[in-house]
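Any read-out appearing in this document is the output of simple, stated calculations on the displayed coordinates, not a laboratory observation. These figures come from a predicted structure and were not determined experimentally. With ideal geometry, Cβ positions are generated from the backbone for all residues, glycine too; neighbour counts draw on all protein chains shown.
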Amino acid sequence: MEKTLTIRKAQASDVMDVYAMINILEACTFDPSRFRTIFLNNIEQSLYHYFVAAYDGEVVGFMSCHGAYLLHHNGLVFEIQELVILPAYRSLGIGRSMLEFLELFLEQHYEYDMLELCSNFTRKEAHRFYLSNGYEQTHFKFTKRPKRK
């Protein structure tokens, strides 16, 4: 029997599945209460879009994207913030399907200038994945954390 893939907007009830996947992506354990607060706040924002992929009914993938009107693009730019597939479900085309779903969704709902993303420099397989899906490496991203008291 063939498995079915469904991609849909994330709902409040998806929070713990998403929490587990983000912990895998970042190789850490986030505070679940704080995570829930952020997740529930963000799914209500008009330019934030959270999607989950369900494979035969089981949530196995998550992708987040947010938009902003940027002066240096003179328009609306969306950025993929997270894309994670559970390890046992990688290499099944789920990530590619999620990107295609997002691109179609954005084209149907917005006039935007660019879709971009950042990926940690250690995620070499992810880089190959994005390149194979038509993304170009055009920027470097620099980060600095605040000094904590």
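Residue selection: Val60 fails the criterion of being touching an Asp or Glu at 6+ places or on another chain (Cβ under 7 Å) and either among the aliphatic types (A, V, I, L, M) or not in a strand (DSSP E or B) (or both).
So which residues in region 75-117 are at negative phi and of a type in the set (S, T, N, Q)? Those that are at negative phi and of a type in the set (S, T, N, Q): Gln81, Ser97, Gln108. In this structure, Ala68 does not satisfy being within 20 Å of Arg123 (Cβ to Cβ), in contact (Cβ under 8 Å) with a residue 12 or more places away in the chain, in contact with a strand residue (DSSP E or B) (Cβ under 9 Å, 6 or more places away or on another chain) and outside any helix (DSSP H, G or I). Note on region 101-124: among residues that are of a type in the set (Asp, Glu) and surrounded by 11 or more Cβ atoms within 10 Å (Cβ to Cβ), the one that is farthest from the chain's Cα centre (by Cα) is Asp113.
One line per residue, one yes/no per condition, for (1) surrounded by 11 or more Cβ atoms within 10 Å (Cβ to Cβ); (2) free of Cβ contacts under 8 Å to residues at least 12 places away in the same chain:
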position: Ala20; (1), (2): yes, yes
position: Asn23; (1), (2): yes, yes
position: Ala27; (1), (2): no, yes
position: Phe30; (1), (2): yes, yes
position: Asn41; (1), (2): no, yes
position: Ala53; (1), (2): yes, no
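Checking each residue in region 91-106 for being of a type in the set (Gly, Ala, Ser), closer than 14 Å to Thr4 by Cα and not in a loop (DSSP other than H, G, I, E, B) picks out only Ser97.
Considering region 90-100, the residues that are among the hydrophobic types (A, V, I, L, M, F, W, C) and within 17 Å of the chain's Cα centre (by Cα) include one that is surrounded by the most Cβ atoms within 10 Å (Cβ to Cβ), namely Met98.
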